[in-house]
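Working notes, structure below.
The values are calculated or read from the model by the stated rules, or taken from the named source; none is laboratory data. Because the structure is predicted, anything quoted here is derived from the model rather than measured. Using ideal geometry, Cβ is built from the backbone for each residue, glycine included, and neighbour counts are taken over all protein chains shown.
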Amino acid sequence: MNNLIRRAMLGSAMALAACQQQPVSGDPDAAAQASSTALPAPVATPSADSSPGTAASVDPAEGENDGLPDVTPAPLTPEAARTEKGARANLLAWARGIELREFDQAWSLMGDAARAQISKQAFNRMFAPLRDITVAVPAGTMEGAAGSSYYTVPTLVTGTRADGTRTTLKGGVVLRRVNDVPGASAEQLAWRIERLGLKPD
């Protein structure tokens, strides 16, 4: 009797094992899927410097004075270069350099007198703390005196400091070129900023 009971119990165990090895459905891959151990999906962990729905802050000094783009004005014909068009070409390139945070390039577009008035370092310090800089250079006035031509423009520079304070610099920017006198150099014959009158408004 004991042997009979043992055989019955062994048969039940084998039948149960066979049932567990059969596929769950008619899909031949179901058995493999059922026997595999499912791992929990990895949970994304936000980085310390990011938060949902918040864009990463942009450093306003990124790309500052890297020489790109080159703001040198396009060459003009000799006739146009002598006129207000030549003066404004230099002035607009200077203004664009400031807006693009190419302060060194803007400074280099000025003439010797203006660069003696303000060093490259001081010029940078004037504009570097500002973000979202705009430089307004409306039409100016042309004058001539003592063998030179002058072009004066009422200039307005606006920007925002890191604390949100709006800053305005205002004043006249004067450009000069030597008229076509014998012995004048190419630099003297070109329009260059002669004087900056920008002051906090």
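Details
- For segment 77-84, the criterion of a residue being of a type in the set (Lys, Arg), more than 16 Å from residue 200 (Cα to Cα) and over 19 Å from the mean Cα position of the chain (by Cα) is satisfied by at least one position.
- Selection from segment 142-168 of residues that are assigned to a loop (DSSP other than H, G, I, E, B) and among the small types (Gly, Ala, Ser): 146, 147, 162, 164
- Checking each residue in segment 150-191 for being of a type outside the set (A, V, I, L, M), closer than 14 Å to residue 111 by Cα and either surrounded by fewer than 20 Cβ atoms within 10 Å (Cβ to Cβ) or modelled with pLDDT under 95 (or both) picks out 150, 185, 187, 188.
- Matching residues in segment 91-119 - criterion: being touching a strand residue (DSSP E or B) at 6+ places or on another chain (Cβ under 7 Å) and of a type in the set (Asp, Glu): 99
- Inclusion of residue 171 among residues that are under 19 Å from residue 122 (Cα atoms), of a type outside the set (Asp, Glu) and in contact with a Leu (Cβ under 7 Å, 6 or more places away or on another chain) is warranted.
- Residues located in segment 118-137, provided they are touching an Asp or Glu at 6+ places or on another chain (Cβ under 9 Å) and of a type in the set (S, T, N, Q): 124, 134
- Just one of the listed residues (189, 198) is aliphatic (A, V, I, L, M) and either more than 19 Å from residue 97 (Cβ to Cβ) or out of contact with any strand residue (DSSP E or B) (no Cβ under 8 Å at 6 or more places or on another chain) (or both), namely 189.
- In summary, helices (runs of 4 or more DSSP H) completely within segment 101-141 and bearing 3 or more residues that are under 19 Å from the mean Cα position of the chain (by Cα) and either within 20 Å of residue 62 (Cβ to Cβ) or in contact (Cβ under 8 Å) with a residue 24 or more places away in the chain (or both) occur at 103-108, 120-127.
- For residue 88, the criteria (1) modelled with pLDDT of 95 or more; (2) out of contact with any strand residue (DSSP E or B) (no Cβ under 7 Å at 6 or more places or on another chain); (3) more than 16 Å from residue 172 (Cα to Cα) hold in every case but one, which is (3).
For every residue, the table says whether it meets (1) modelled with pLDDT of 95 or more; (2) closer than 20 Å to residue 195 by Cα; (3) surrounded by 11 or more Cβ atoms within 10 Å (Cβ to Cβ).
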position: 70; (1), (2), (3): yes, no, no
position: 84; (1), (2), (3): yes, yes, yes
position: 92; (1), (2), (3): yes, yes, yes
position: 97; (1), (2), (3): yes, yes, yes
position: 113; (1), (2), (3): yes, yes, yes
position: 129; (1), (2), (3): yes, no, yes
position: 134; (1), (2), (3): yes, yes, yes
position: 138; (1), (2), (3): yes, yes, no
position: 144; (1), (2), (3): no, yes, no
